[in-house]
Amino acid sequence: MIHQSISASVVTSTLTQHNFIKPVKGQFHQFDAYFEMVAYEVIPDLKKVKWEFVELSNGGRFIYPNIEAITMFERRVSCRSAGIAIMLHCLKRFEAVASYCNESVDKERFALYRACLRAYTQQLIERDSILDIYSELQMMYTKQPY
């Protein structure tokens, strides 16, 4: 079986995280607010950084901080890998929120974004670190209620 490579393109428009990933029909809180909370809690220095928006050729998307490298959970990773790990966690969380709110369309949308991002992750050199960080984030935030 031949796998086609998934490409990533930085979006150059003036998007905000709110426009980039829509929330669950106004439920819970905005995607951008949750993303920032997680990112800034794990790496406080990210508050001073510009974020880049990336669209994948398979329909996925993610955001990453425009800096050199980051240490997360004792792992040194590229800024893109850090953004991917945080985005995977946030997409999983919002998928769960959509399910909890009986919003099947939103649940499927977040699941699709997450599947596309995971497929892209599988072709990256840092995939193991990304998935380890994603798992750490899941454990860290699973105990919190919606």
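No value in this document is a laboratory result; all are computed from the given coordinates. Predicted model, so just to flag it, every value in this text is computed and none were measured. Glycine gets a Cβ as well: all are built from the backbone with ideal geometry, and neighbour counts include every protein chain shown.
Annotations for the structure displayed:
- Pair Asn66, Glu41: separation of 7 Å Cα→Cβ label points (nm): 2.7 nm
- 25 Å Cα cut-off, lysine pairs counted over the stretch 8-142 (separation 8 or more, or different chains): 10
- Here the extension length gained between Lys50 and Ile125 equals 24.6 nm, from 0.36 nm per residue of separation less the Cα-Cα distance.
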